[in-house]
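Reading through the structure tokens given below for one structure.
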Amino acid sequence: MAYIQCEDLILGYEGTPVAEHISFSVAQGDYLCIVGENGAGKSTLMKSLLGLTPLMGGRIVYGDGLEAHAIGYLPQQTFVQKDFPASVWEIVLSGTLSQCGWRPFFQKAQKQLAEKNMRRMDIWELRKECYRNLSGGQQQRVLLARALCASSKLLVLDEPVTGLDPRVTMEFYQLIQVLNQEGLTIIMVSHDIHAAVKYASHILHVEKEKSFIGTTQEYRKSDFWKELGGEDA
């Protein structure tokens with residue numbers, strides 16, 4: 001069964017629809033990139049998948065043991081978030097909060113998970129550092145480690161490379177690709193269509209009247225891709 005099944009979604013905010021008739025599914029191991037123009041509803045869709053924004057129509061069904069609150073989420077960074085005065089350890093450990101239940105303190109299992117994911121992201125040596133003193137690439141690795149603490153099944157990323165330099169951007173895309181190859185399901189909103197067709201297994205191109213969903217190979221043969229000046233696969 002699919003992790004997520006979206007049926008005839010209507011996306012919008014303040015009572016105004018921005019995209020309609022969106023249907024797609026995300027299965028275990030998929031790497032789905034969501035692309036489209038600004039204002040097309042990409043971030044609204046992302047927040048709807050996480051249960052943060054109500055739908056104007058349609059429904060989202062979660063399967064295979066997945067729940068909206070148990071999805072790892074890496075949001076767009078704001079200036080305030082970049083300047084957050086907490087240690088790397090505190091931020092990553094906070095990703096395990098949903099596992100604490102009624103207990104007021106982090107247990108050994110949560111601390112071990114945080115350490116595992118910090119080592120996985122190669123930031124263990126930074127654990128005592130203040131988050132706001134890190135480089136942009138280091139901050140994204142911290143947030144990624146935090147998201148991995150929240151879920152070992154599905155990771156949702158909203159424009160994760162915004163503001164990063166080209167070298168760090170490439171390294172981040174390669175890191176996400178490795179996580180996907182290790183079995184983690186990925187949903188990523190991106191403005192970088194060329195990176196999307198390079199790394200993703202599936203593309204969702206969102207537009208108000210008509211959207212595309214299919215494999216990357218199918219997308220490279222579509223009118224959506226041709227209108228962007230892309231070449232056939």
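Which pairs in the list LYS108/LYS128; LYS47/LYS221; LYS47/LYS198 are over 21 Å apart, alpha-carbon to alpha-carbon?
Correct reply: LYS47/LYS221; LYS47/LYS198.
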Charge context of LYS47, other residues only, Cβ under 15 angstrom, K/R +1, D/E -1: -2
GLY57 long-range amide H proximity, modeled H, under 5 Å: ILE10
Under 5 Å, built H, 5+ apart or other chain: amide partners of LYS221: ALA233
Nitroxide proxy distance, nm - points 7 Å out along Cα→Cβ at LYS116 and LEU228: 3.5
Vicinal HN-Hα couplings computed from phi for region 166-174 (Karplus, 6.51 cos²θ - 1.76 cosθ + 1.60; Hz; Gly/Pro x): x, 5, 5, 4, 4, 4, 5, 4, 5
HN-Hα J in Hz across region 142-148 - Karplus 6.51, -1.76, 1.60, θ = phi - 60°, x for Gly and Pro: 5, 5, 5, 4, 4, 5, 5
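Which net charge results for the neighbourhood of TRP124, defined as the other residues with beta-carbon distances under 13 angstrom from its beta-carbon, given Lys and Arg at +1 and Asp and Glu at -1?
Working: positive: LYS111, LYS116, ARG119, ARG120, ARG127, LYS128, ARG141; negative: GLU115, ASP122, GLU125, GLU129.
For residues surrounding TRP124, the net value is +3.
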Rg to Rh quotient for the chain, alpha carbon positions, Kirkwood Rh: 0.97
Region 84-150 - Rg over Rh from alpha carbon coordinates, Kirkwood radius: 0.96
Note, ³J(HN,Hα) from phi for region 177-183, Karplus 6.51, -1.76, 1.60, rounded to Hz, x at Gly and Pro: 4, 5, 4, 5, 5, 7, x
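Averaged over all directions, how much area does the convex hull of the C-alpha atoms of region 170-233 cover when projected, in nm²? Please report the intermediate quantities before stating the final value.
Values: hull surface 18.4 nm².
Quarter of the Cα hull surface area: 4.6 nm².
Around TRP89, with a cut-off of 12 angstrom between Cβ atoms, what is the net charge of the other residues, counting Lys and Arg +1 and Asp and Glu -1?
On the way: positive: LYS111, ARG127, LYS128, ARG146; negative: GLU90, GLU115, GLU125, GLU129.
Net local charge, TRP89 excluded: 0.
Roughly speaking, what is the stretch gain from GLN181 to LEU97, that is 0.36 nm per residue apart minus the C-alpha to C-alpha distance, in nm to one decimal?
Details: separation 84, 0.36 × 84 = 30.24 nm, distance 2.66 nm.
Computed gain between GLN181 and LEU97 is 27.6 nm.
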FRET E, pair THR215, THR16, Förster distance 41 Å, beta-carbon r, rounded to 0.05: 0.80
Amide H partners (placed H, <5 Å) of GLN76, local residues excluded: ASP158
Longest segment of the chain lacking GluC sites (Glu not before Pro) that sit in a DSSP loop with at most 15 other Cβ atoms within 10 Å: 68-128
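Only bridges whose two residues both fall in the chain count here: according to DSSP, what percent of them are antiparallel, nearest 5?
On the way: 17 of 33 bridges.
Approximately 50 percent, going by the DSSP bridge assignments.
Could you line up MET1, MET121, MET56 from fewest to most neighbouring Cβ atoms inside 10 Å? Can you show the working numbers first?
Numbers: MET1 12, MET121 22, MET56 18.
Listing MET1, MET121, MET56 from fewest to most nearby Cβ atoms yields MET1, MET56, MET121.
Which value, in debye to the nearest 20, gives the size of the charge dipole of the chain about its Cα centre, when Lys and Arg are +1 and Asp and Glu are -1 at the Cβ? Mind dumping the intermediate values first?
Details: 23 positive and 27 negative charges, 211 e Å.
It comes to approximately 1020 debye.
Only the coordinates and a few stated rules stand behind these numbers; no lab work does. Here the structure is a predicted model, which means the values were calculated and not measured. FYI the Cβ positions are ideal-geometry reconstructions off the backbone, even for glycines, and counts take in every protein chain you see.
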